[in-house]
Amino acid sequence: MPDIAAHSPDEFLQTFREQPLSPPIALYAGAALHRAGRVEEAVAVWTIGADAEPLLRKLHAHPEANAELKGHSKLADDAIAKHFTDLHQRTLDAVEKERGTSLPRVRAGIWPHFAQAAFDYRTPLQRPLIFYMPDLPAAPIAPSDDLPWAAAIEAATQEILVEYQSALSAQAEFSPYVFAQMAGREWDQLRENPDWSALYLYYDAAETEMVKAFPKTLAALENAPLVKRAGVPLETFFSRLTPGTAIPPHFGLTNTRLTVHLPLIIPDADDDKRPWIRVGDAIHHWRTGELLAFDDSFEHQASNPTNADRTVLIFEVHHPDLSSDEIAGVERVYEAFDNWGRSRRRLLGLDEAKDAPAP
């Protein structure tokens, strides 16, 4: 094992630049940087290493791990948690000052991957993976009557369906919804499988070329409180589930949003054989033109037991109990985390090392 006291942190950093996907190198390079007081660089190294191998942060709990590796892993785990906890609080300091208000519910929010103390989820079957606001009211399904923008979208169902069918006729390209890198053994059967596929209008807050083919669809969504990043909808897409396909039980990312389905093509069948979705302990059968808004941080699963495709339009809106100030706080913290994640390679000079000419 290398001795972090016998080499400079820059030597370790250079080795990491050459092998950024090696978790052991990330552990030692991060430890050397942290020892030198270069904490942000250490966290950048460790988080990149943990992206490649999540065990990096939990090796300290493995009974057979080397003692030195355990020490570096514990240091990494604690430093990462502190970094993001502090970033959360600093970001909210700025938002509260700008808006002249306090945001106690957002401050109390928990990032499960970065929690510095143990916590419990308050509601059975609810377990958001990325961000959890414990003080938000929790219900698996939100009644459409409580959503003032829902009726206008339902009224546009036929126009949206016509645009969708035109896109199908033009051979629009669908993408498997479950991508190759999606974590979790539960996705093995659907990974890169077109049986559950998506036609994206917006993906990861970026407009796709399909947007121009759906003007009436986008007009129908104008008054919905869509989740956006820099003014661009985070995600809007048509979801197609082929006959006999089932989506396994899973949890969504956060309880600060609702996922909304507008059913467009629902195969006709008896109620007990219709395509269905379970959210928490509530089972719902889609019906064409009847909007479904649900909190996907509850465990949910779906199935199409019929012999025809099921298609719904999906988009995300803010939780209706959030105030405009709370939405601003939540979105600013998401943005701060995203921006820091994108800045890691530049902070460590990784791209410069990759692009440097050979000697």
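The table that follows gives values for the structure above.
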| item | result |
| --- | --- |
| Test for Asp77: is it over 23 Å from Ile327 (Cα atoms) and either in contact (Cβ under 8 Å) with a residue 12 or more places away in the chain or assigned by TED's automatic domain parsing to the domain that holds Ile283 (or both) | yes |
| Number of positions in segment 28-49 that are hydrophobic (A, V, I, L, M, F, W, C), surrounded by 22 or more Cβ atoms within 10 Å (Cβ to Cβ) and farther than 15 Å from Arg342 by Cα | 5 |
| Complete set of residues in segment 211-238 that are over 29 Å from Arg332 (Cβ atoms) and surrounded by fewer than 21 Cβ atoms within 10 Å (Cβ to Cβ) | Lys212, Ala213, Pro215, Lys216 |
| From the options Leu161, Leu168, residue that is free of Cβ contacts under 8 Å to residues at least 24 places away in the same chain and surrounded by 12 or more Cβ atoms within 10 Å (Cβ to Cβ) | Leu168 |
| Search result, residues across segment 267-299 that are over 24 Å from the mean Cα position of the chain (by Cα), assigned to a loop (DSSP other than H, G, I, E, B) and over 21 Å from Ala155 (Cα atoms) | Ala269, Asp270, Arg274, Pro275 |
| Hits in segment 172-192 (condition: at pLDDT 95 or above and of a type in the set (S, T, N, Q)) | Ser175 |
| Options Asp281, Asp272: the member that is acidic (Asp, Glu), modelled with pLDDT under 95 and surrounded by fewer than 14 Cβ atoms within 10 Å (Cβ to Cβ) | Asp272 |
| Matching residues, segment 184-215, being closer than 25 Å to Leu129 by Cα, in a helix (DSSP H, G or I) and in contact (Cβ under 8 Å) with a residue 40 or more places away in the chain | Glu186, Trp187 |
| Whichever residue in segment 249-269 is at pLDDT 95 or above and hydrophobic (A, V, I, L, M, F, W, C) and, among such residues, is surrounded by the most Cβ atoms within 10 Å (Cβ to Cβ) | Leu262 |
| All positions within segment 194-210 that are closer than 25 Å to Ala52 by Cβ and at pLDDT 95 or above | Tyr203, Ala206 |
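The values are calculated or read from the model by the stated rules, or taken from the named source; none is laboratory data. From a predicted model like this one, the values you see are computed outputs, not experimental measurements. All Cβ positions, glycine included, derive from the backbone under ideal geometry; neighbour counts span all protein chains shown.
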